[in-house]
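The values are calculated or read from the model by the stated rules, or taken from the named source; none is laboratory data. Note that the structure is a prediction, hence the values are computed from the model and not measured. Every residue, glycine as well, gets a Cβ built from its backbone with ideal geometry; the counts of neighbours run over all protein chains shown.
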Amino acid sequence: TEIIWMRRDGSRAPAVTAFASEPVGVVTLAESWSGALDRAGYGQLRDQMIERFHAVKASMDAVAPFDPETHHLLGTSGTVTTLAGIALGLARYDRNRVDASWHRCADIMQVVERLAALDVKGRAAIGCVGADRADLIVPGCAIFAAIHELWPCLQLRVADRGLREGILRELMLRR
């Protein structure tokens, strides 16, 4: 899980002001979790992730204060795109509808809570989740919820194409 703090000022390209990479992702979190992936398990995972990301927040706060009124989250791929698809009411995931979409974080957190309340079968029945991700979405929700708890933005921008593709596109446009 990468957390990057970027600053945009005027016409210049955004600049990275702080960066942290935590060696925890959806799959490793799911594999290491021995408890049930129900609402209580989700809460425990979320609390673990909040504790894990606290040092990251402290180091970023030392760089610049966080203002939820002026900052937003940018989530790429995986859990965030799935949450966005559900928030958009899609019966099946549609990359073209999800990529570059904006969401109120409160709406995304409602989706998180809804997924945490379902069992694996219930999550698998949701078209944007499916059977392949039904056991992975709750750990992903815990990671997202922890990030949102520490950096409580009002808005979330979702990118399906990923940072690598964006960087490559930017480099090609400069040529």
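Mind checking whether some residue in the stretch 93-108 is touching a Cys at 6+ places or on another chain (Cβ under 8 Å) and either under 24 Å from VAL138 (Cα atoms) or part of a loop (DSSP other than H, G, I, E, B) (or both)?
Here is the first cut: in the stretch 93-108, the ones touching a Cys at 6+ places or on another chain (Cβ under 8 Å) are 93, 105.
Narrowing further to those that are either under 24 Å from VAL138 (Cα atoms) or part of a loop (DSSP other than H, G, I, E, B) (or both): 93, 105.
For the stretch 93-108, residues touching a Cys at 6+ places or on another chain (Cβ under 8 Å) and either under 24 Å from VAL138 (Cα atoms) or part of a loop (DSSP other than H, G, I, E, B) (or both): present.
Report, by residue number, each residue of the stretch 59-89 that is of a type in the set (Ser, Thr, Tyr), under 18 Å from the mean Cα position of the chain (by Cα) and in a helix (DSSP H, G or I).
THR79, THR81, THR82
Please return the ranges of helices (runs of 4 or more DSSP H) entirely within the stretch 115-175 where 1 or more residues are within 19 Å of GLN44 (Cβ to Cβ) and either at pLDDT 95 or above or aliphatic (A, V, I, L, M) (or both).
Details: elements: 120-124, 130-133, 137-150, 162-174.
Because the criterion is at least 1 residues that are within 19 Å of GLN44 (Cβ to Cβ) and either at pLDDT 95 or above or aliphatic (A, V, I, L, M) (or both), the helices (runs of 4 or more DSSP H) in the stretch 115-175 that meet it are 120-124, 137-150.
Would you check which residues across the stretch 27-50 are within 24 Å of SER77 (Cβ to Cβ), touching a residue at least 12 places away in the same chain (Cβ under 8 Å) and assigned to a helix (DSSP H, G or I) and list them? Spell out the reasoning first.
Of all residues in the stretch 27-50, those within 24 Å of SER77 (Cβ to Cβ) come to 27-33, 37, 41-42, 45-46, 48-50.
Subset that is touching a residue at least 12 places away in the same chain (Cβ under 8 Å): 27, 29-30, 33, 37, 41-42, 45-46, 48-50.
Scanning the stretch 27-50 gives VAL27, LEU29, ALA30, GLY41, TYR42, LEU45, ARG46, GLN48, MET49, ILE50.
Just to be sure I understand the filter: pairs with C-beta atoms under 6 Å, separated by 6 or more residues or on different chains, first member in the stretch 1-24 and closer than 21 Å to GLY78 by Cα and modelled with pLDDT under 85, second member polar (S, T, N, Q) and not in a loop (DSSP other than H, G, I, E, B). Which pairs pass?
Between residues of the stretch 1-24 that are closer than 21 Å to GLY78 by Cα and modelled with pLDDT under 85 and residues that are polar (S, T, N, Q) and not in a loop (DSSP other than H, G, I, E, B), the close pairs are TRP5/THR17.
Residues checked against (1) modelled with pLDDT under 90; (2) acidic (Asp, Glu); (3) out of contact with any Phe, Trp or Tyr (no Cβ under 7 Å at 6 or more places or on another chain):
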residue	(1), (2), (3)
GLU31	no, yes, yes
LEU45	no, no, no
ALA55	no, no, yes
ALA58	no, no, yes
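Which residues, counting only those in the stretch 51-87, are in contact (Cβ under 8 Å) with a residue 12 or more places away in the chain and acidic (Asp, Glu)?
GLU69
Going through THR70, THR28, THR76, THR17 one at a time, which residue ends up being surrounded by 13 or more Cβ atoms within 10 Å (Cβ to Cβ) and of a type in the set (Ser, Thr, Tyr)? Don't jump to the end; show me each part of the working.
Values: THR70 fails: surrounded by 13 or more Cβ atoms within 10 Å (Cβ to Cβ); THR28 fails: surrounded by 13 or more Cβ atoms within 10 Å (Cβ to Cβ); THR17 fails: surrounded by 13 or more Cβ atoms within 10 Å (Cβ to Cβ).
Of the residues listed, the single one that is surrounded by 13 or more Cβ atoms within 10 Å (Cβ to Cβ) and of a type in the set (Ser, Thr, Tyr) is THR76.
Which residue is nearest to ILE108 (Cα to Cα), if the candidates are limited to the stretch 123-148 and must be among the small types (Gly, Ala, Ser) and under 13 Å from the mean Cα position of the chain (by Cα)?
Applying the first criterion (among the small types (Gly, Ala, Ser)) to the stretch 123-148 yields 124-125, 127, 130-131, 134, 140, 142, 145-146.
Filter once more, so that each one left must be under 13 Å from the mean Cα position of the chain (by Cα): 140, 142, 145-146.
Details: GLY140: 13, ALA142: 12, ALA145: 9, ALA146: 13 Å.
Per the stated criteria, the residue is ALA145.
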